[in-house]
Amino acid sequence: MFDFYDQLKQEFGENLKKKDSFLEMKLEAVHFHQLASQLKNKFGFIFLSDICGVDNKGDSKKEKRFTIIYHLLNLEEYCHLRISIDIDEETKLSSVGATWPSSKRLELELRDLLGILFDTELGAGFLNPSDYGGFPLRKDFTPNVNGPVSILSTSFPDDPSIDADQRGVRSWVNIGPHHPVMKNNVRMILELEGEYIRRCQYETGFHHRGFEKQAEKLPWPTLITLIERLNSQAPFMCTSTWCHLIENSLKLQIPERAMAIRMVFIELTRIQDHLECIASCAVAAGNESVYFICQQGRELVYELFERMSGSRLNPALNCIGGVKYDIPIGWITDCFEALKKMDDLLTHIETLFTRSSIWLDRNMVSEINAGRALDLGITGPVLRSCGVNYDLRKVNPIYFYSDVEFEIPLGVRGENYDRYLVRMEEIRQSISIVIQVLDNLPIGEVSKIVENQIPPAGIHYSSLESSNGELGFTVVSDGESDFPWRLKVRSPSFMNIIALPEMIQNRLLDDALMSFSSLNINPGELDR
Amino acid sequence: MILKNEYYKAKSLTLGVMKSFLSMSYNVIRRLYGAEKITTINYPIESYLYSKNQMGLPRLVLDKKGRSLCTSCDACQKVCPTNALDISGKEGQEPEVFNLDVGKCIFCGWCADVCADKAIEMSDEHIIAAHAEESLIFSFNELKSKGRRPNPEIKNQVNSEGMEG
Amino acid sequence: MRSNFELENHVTLTSATTFMERLGRWSQSKLIWPMIFGSGFSEVEFRNLYGPRYNVEKFGLEGIKYSPGQADLLIVTGVVTHKSFVVLEKLYQNMCSPKWVIALGTEAISGGLFQNYTHKSDWMKHIPVDVMVPGDPPTPEAILRSLEMLIERIDLGVRSERENIDV
């Protein structure tokens with residue numbers, strides 16, 4: 001790390017600053033685009049994880065209208081570089097899609113939600129600003145919706161690479177947003193030749209609830225009730241990331257017992273989410289009995305949540321400063337029994353699915369190349385099934401993750417079957433983490449009283465290894481007011497869905513549905 | 001950790017089908033002869049007994065004379081994230097209008113956390129379903145109660161050990 | 001929900017009931033086919049009713065259908081946005097009458113926390129709703145209670161009163 005930091009210091013000099021564990025740099029727009037390929041090839045920043053756009057209207061300290069923040073990662077040294085650029089309303093930004101292909105979906109958001117101009121054609125996004133009467137994330141936006149909202153049409157422009165005879169054979173199919181495998185929210189439009197898929201387009205945005213705009217209207221203490229509703233399968237991970245962000249910015253150390261309880265619930269949520277993904281893959285293949293076996297496992301976890309916090313799906317336990325309630329008497333014994341039953345259920349699922357020739361035939365399809373996955377910004381079990389060893393719990397451990405023993409399973413080719421094997425093994429590793437933590441639970445209080453909950457002025461970022469990938473929050477605060485200035489969510493499902501058209505190219509129609517459900521896309525996280 | 005190579009090789013089809021069939025029938029016969037206790041809750045005769053941290057409908061607590069402890073300070077109205085509360089009255093006295101729109105309430109519990117007089121609390125009433133012709137706005141007199149109580153319509157309450165409570 | 005609410009006051013049948021009408025209502029109240037629209041906490045909780053813990057099949061709901069031509073109960077969950085209303089309207093028009101609608105969860109009734117530019121607040125004027133269940137998510141017992149109330153409505157023949165609906 002020291003040689004690397006010295007190299008960067010030599011190149012950029014005074015401009016580079018170190019703040020907490022991040023490196024920060026301020027650049028001009030033109031200068032950044034000239035440096036982009038040098039940053040990627042010479043210094044190894046191959047991963048672009050997020051682009052956040054901020055509207056500065058009403059802030060007297062800033063001169064220009066927009067600030068754009070790029071988050072770049074060097075995976076070998078784990079170095080996180082934050083580059084911020086200030087531009088005017090009329091400046092045209094050039095796209096970095098040639099260097100980092102993961103930026104394509106993120107730049108569509110900048111164009112549709114903030115109104116930033118680009119000098120190349122980017123394609124269709126999920127929102128048409130003229131339907132809503134303006135650009136929603138700007139500070140001077142007033143909503144004005146007239147009539148129905150526009151949706152993509154089910155057709156493709158002519159493919160120039162084939163001749164007219166072949167064009168006559170092709171047909172289009174719409175797998176609509178209302179579908180059990182597509183989680184009622186994603187629309188896939190396919191161009192088929194017989195049963196083989198030649199081109200694919202997808203449309204999202206049906207569940208766009210205005211999460212980031214709503215966060216600017218709620219005061220800091222109550223914001224945690226909004227954060228719970230981001231992801232309907234794993235709400236505890238979202239609130240844990242948020243509390244970790246605020247506690248780091250206030251330089252607050254929470255009690256050790258609270259850290260251990262948070263770890264236990266994070267791993268229980270991970271077990272439940274992976275079981276849901278395996279259940280939906282099984283339903284897409286037509287096997288309903290494994291769906292009910294996974295449902296038994298999830299009910300065991302729901303009962304543990306309910307005993308602790310009173311609510312089945314959403315353990316509203318987190319608060320800034322620790323955890324709200326302490327573990328009741330008898331909960332730990334019941335937890336151990338439930339995990340033993342979970343082990344039996346996993347053995348049952350393995351007898352049915354692992355090494356079975358029917359499951360292998362249906363699932364050894366849709367591979368992703370490891371280098372291409374890193375270019376596209378994919379994280380989580382999807383990346384680990386390609387063979388890349390990157391897990392935030394090992395690279396940047398928080399709480400007690402550096403003290404417990406666990407391993408990271410890796411796949412080989414990035415097919416559906418690898419993703420299934422990686423998820424099954426991760427459930428087993430999570431069970432062992434929970435048992436290790438509960439065996440050595442620290443004594444003490446569970447929360448600290450925090451009076452001032454407003455983070456200091458500036459940009460703050462924190463991330464956690466969620467069950468789908470890296471979940472992160474960027475928060476811009478001005479230090480005094482009761483409301484946040486800007487909140488941006490780095491959601492793993494939003495980035496993972498980029499892999500879909502490349503995965504199902506030249507495959508059968510049935511494989512497309514199974515591949516989609518193995519990515520574990522959550523609609524609340526995808527559209528925010 | 002790299003996964004074992006043998007996971008990627010298929011076992012023979014007849015062996016796999018036989019093993020799955022035996023595993024499924026073993027599990028079914030175990031449960032038929034009572035090896036595991038039945039966990040299904042038979043509504044409406046039984047209901048699950050939720051823990052004491054459950055967030056149900058907000059209720060106004062009464063003192064011994066039957067009056068509510070609310071002093072119209074408006075703290076709960078300001079903190080509600082969905083603007084479900086509508087309160088008006090003179091400071092220091094009982095409110096004249098206290099309306100709760102249950103169609104907007106998300107049962108988060110912030111109104112109970114913020115109240116300085118401990119006049120509003122989250123009861124354990126969770127079975128709230130209404131026909132469309134009914135109004136979902138609860139007025140002052142309907143929100144008063146004597147504290148947490150089990151729902152009187154359910155005869156037997158079942159908790160997680162399967163014992164009646 | 002309230003003890004002084006009388007459902008008999010809202011019966012809207014115009015002519016004397018024939019035998020075939022009564023037979024149709026009896027058979028519909030014994031076997032209902034639901035279809036879920038939307039996603040969120042309430043959708044997960046409704047699918048959990050088919051699990052090992054609760055027994056929803058005894059109210060007559062055998063399995064979840066996803067095709068509108070085969071379903072007669074539409075369960076709306078999650079925030080109804082301007083974009084997803086385009087899909088919801090088509091689904092409702094393609095169902096065969098007589099059909100019923102339940103609004104499950106606070107997000108479906110009023111938008112919950114998300115009452116902003118994306119929320120279509122007057123969707124209930126276009127689609128008549130029969131039973132509303134607040135909660136985020138509502139507990140499984142509350143959802144089963146709402147199915148009991150729906151069966152009472154089907155038995156008596158109560159239809160929700162709205163204008164400009166093509167039923």
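Remarks
- Links that overshoot a 32 Å alpha carbon limit, given the list A:K61/A:K488; A:K324/A:K488; A:K104/B:K11; B:K11/C:K65: A:K104/B:K11; B:K11/C:K65
- Shielding score for A:277-288, defined as the mean number of other chain Cβ atoms within 10 Å: 0
- A cut-off under 9 angstrom between Cβ atoms defines the neighbours of A:D334, and their net charge, with Lys, Arg +1 and Asp, Glu -1, is -1.
- Diffusion constant of region C:1-145 at 20 °C, which comes from Stokes-Einstein with the Kirkwood Cα-pair radius and 1.002 mPa s, µm²/s: 130 µm²/s
- Under 13 Å of direct C-alpha separation, and excluding same-chain neighbours fewer than eight residues apart, B:K104 reaches these aspartates and glutamates: B:D86, C:E107, C:D136.
- Note that region A:371-382 has calculated 3J(HN,Hα) couplings of x, 5, 5, 5, 5, 7, x, 8, 9, x, x, 5 Hz, one per residue in order, obtained from phi through the Karplus relation 6.51 cos²θ - 1.76 cosθ + 1.60 (θ = phi - 60°); glycine and proline are x.
- In this calculation the C-beta distance from A:D119 to A:D478 is compared with R0 = 25 Å, giving a FRET efficiency of 0.20.
- Between region A:74-120 and region A:273-343, the Cα center-to-center distance that results, in Å: 39 Å
- Tail beyond 15 Å, pair distance distribution of region A:105-171 (Cα, percent): 64 percent
- Candidate cross-link partners of A:K18 among the lysines, defined by an alpha-carbon separation under 21 Å and a same-chain spacing of 8 or more, comprise A:K9, A:K26, A:K40, A:K42, A:K251.
- Using the Cβ-Cβ distance between C:N55 and A:V173 with R0 set to 60 Å, the FRET efficiency works out to roughly 0.95.
- All Cα-Cα distances of chain B, cut into 5 Å bins from zero to the largest, leave 1, 7, 12, 14, 12, 10, 8, 6, 5, 6, 6, 5, 4, 3, 2, 1, 0 percent in each bin in turn.
- Cα-Cα pairs of region B:1-78 separated by more than 22 Å (percent): 69 percent
- Structure remark: mean-square fluctuation, Gaussian network model of chain B, C-alpha springs under 10 Å; the largest value among B:K78, B:K64, B:K90 belongs to B:K64.
- Largest-first ellipsoid semi-axes for region A:229-489, taking √(5λ) over the Cα gyration tensor eigenvalues, angstrom: 33, 24, 16
- Across peptide A:222-229, the average count of Cβ atoms from other chains found within 10 Å of a residue's Cβ is 5.
- Taking label points 7 Å from Cα along the Cα-to-Cβ direction, B:S135 and B:I45 give a separation of 4.0 nm.
- When its C-alpha radius of gyration is set against 2.2 N^0.38 Å (N residues), chain A gives a value of 0.98.
- Working ranking of peptides A:13-21, A:476-484 by packing, defined as the average number of other Cβ atoms within 10 Å per residue, highest first, is A:476-484, A:13-21.
- Distance in nm between pseudo-label sites at B:V28 and C:N9 (7 Å out along the Cβ direction from Cα): 5.3 nm
- For region A:1-106, a Kirkwood hydrodynamic radius built from all Cα pairs, placed in the Stokes-Einstein relation at 10 °C and 1.306 mPa s, yields a translational diffusion coefficient of 109 µm²/s.
- Mean ellipticity per residue at 222 nm, deg cm²/dmol - from DSSP H runs of n ≥ 4 across chain A, formula -39500 (n - 2.57): -12000 deg cm²/dmol
- Here the spin labels are modelled as points 7 Å beyond Cα on the Cα-Cβ line, and at C:K125 and B:V97 they lie 2.3 nm apart.
- Förster-model FRET efficiency, 35 Å R0, A:Y78 and B:K37, C-beta, rounded to 0.05: 0.10
- Stretchable slack from A:I435 to A:R138, in nm (0.36 nm times residue separation minus alpha-carbon distance): 102.1 nm
- Take each residue of peptide A:355-364, count the partner chain Cβ atoms within 10 Å of its Cβ, and average: the result is 4.
- Counting only residues at least eight positions apart within a chain, or on another chain, the lysines with an alpha carbon under 17 Å from that of B:K144 are B:K64, B:K65, B:K118.
- Spatial separation of Cα centroids for region A:57-72 and region A:443-457, in angstrom: 29 Å
- Most mobile listed residue (C:S121, C:S27, C:S146) in chain C, GNM with C-alpha springs under 10 Å: C:S27
Bear in mind these aren't lab numbers, they're just calculated from the coordinates by the rules spelled out. Given the structure is predicted, the values throughout are model-derived calculations rather than measurements. Backbone-built Cβ (ideal geometry, glycine too); neighbour counts: all protein chains shown.
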